[in-house]
Each structure stands twice: as C-alpha cells, then as structure tokens.
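Following: one structure in structure tokens, then a few remarks.
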Amino acid sequence: MQNETDKEYTIKNLHSDPLSWVEKYADYLYGFAFSRIRDEEAAKDLVQDTFLAGLQRLGGFEGNSTEKTWLTAILKNKIADFYRKRSSHNLKVGSAADEVQGFFDVESGHWTEKDYPRAFGLEVDNPLMMKELGIVLNDCLAKLPGLWFSVFSMKHIDDLASELICTELKLTAANFWVIMHRAKLNLRACLQKNWN
C-alpha cells in the first residue's frame, strides 16, 4: 500500500517522463541552444545540463506547461549562465559615443554621406533572394563576439525586454546599449560588404 508521499510523487511524475526526453526534445533543445551560442560542443553540454537540471527539479514540475516549454525555460537559464561566465563587463561606455562621431553629421544628426546605409536591392517577393540574404545574415551573426550575439539575439530574436536581458546577463543599462550599438554597426558593415 502506498503512503501519501509516494502517491504525491507518482501523481507529479505523471506530468513528465524523463526517460523519453532525449528522444523527444534533444534535437529541438540542441537547435535552440546552437542558434543562440553558435558553439556545437557548448550547445551539447548545455542540453545535457538542462536534462540533468530537469531531473533534479522533477519534483517541482506540476504540469502547468508542457515538458518542452519547461525544459526550454531551463535551457534559457543555462544559456544566460553560459554568457554570464564568459562575458567581460569591462566595456568602456564612453567609447560608444566616440565610435559614432564619424557616422553622423554633428549639426543635423543624420548619417554622413559616406556612411549612409545603402539599399540592399532586396525583392521581398523573391524567395531565393530572401534565402540568400538569410545565409549572409547568419554568417554575419556568427562573426559577432559571443556576448554581443547573445544580447542581440535575446533582444531581436527572442524579443525580450532590455531590462530582463540586463538582469539575465548581469549587464548595466549602459553596457547593454553599447553592446547593441556595436552589434548593429558590425552587422550593418558585414551585410553591406557581403550582400551584393
């Protein structure tokens, strides 16, 4: 006969089946991690860490979300930890203002003629052209330093609030904006160089 503790554990575990996690979610979680950190080995390690953390927290999983959503949330925290450990927060905030001085006209605040963004010549209704642009954009994103890529993808791919990104990555607001600014300038330069 089961006691109350055993019944509670059995009921909670009806919401999750850890034995099927690898088969069901490993590829998805790996793709999710790799798309954010661009490092195959680190992505594999993060997925393994996610499964381990899921096992450790299984008693707290009440089934209010799907296993996939729950495991993805754990993975997001692992990715944030990954960047927290790798990041150097010693950015010189004042240097961002210096970097843009050459791009903008002092009086009008508009782009200088030589730095004005060029048109991409993109036909939105041309799927082949959009696919090619996607390949070039991914290559440009892969060239960003890890922290810059993380901040940029959290903001523009995951659509997270700036304050949440700062909290997750332990960045000051000034560092966040410097990183975003530098990432955008680098992406723009890379796209203009590599996109015909």
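The criterion of at least 3 residues that are more than 18 Å from ALA42 (Cβ to Cβ) is met by the following helices (runs of 4 or more DSSP H) wholly inside the stretch 125-196: 127-142, 162-169, 173-194.
Here's a check for you: in the stretch 116-141, which residue that is of a type in the set (A, V, I, L, M) and modelled with pLDDT of 85 or more is surrounded by the most Cβ atoms within 10 Å (Cβ to Cβ)?
Among those residues, the one meeting the criterion is LEU141.
Considering only the stretch 56-100, state which residues are of a type in the set (D, E, K, R), modelled with pLDDT of 85 or more and touching a Leu at 6+ places or on another chain (Cβ under 7 Å). Correct list: LYS78 only.
Which residues, counting only those in the stretch 167-196, are crowded, with 18+ Cβ neighbours inside 10 Å and under 17 Å from TYR83 (Cβ atoms)? Listed by number, the residues that qualify are GLU168, LEU169, LEU171, ASN175, PHE176, VAL178, ILE179, MET180, ARG182, ALA183.
The values are calculated or read from the model by the stated rules, or taken from the named source; none is laboratory data. Keep in mind that this is a model prediction, so the values were computed, not measured. With ideal geometry, Cβ positions are generated from the backbone for all residues, glycine too; neighbour counts draw on all protein chains shown.
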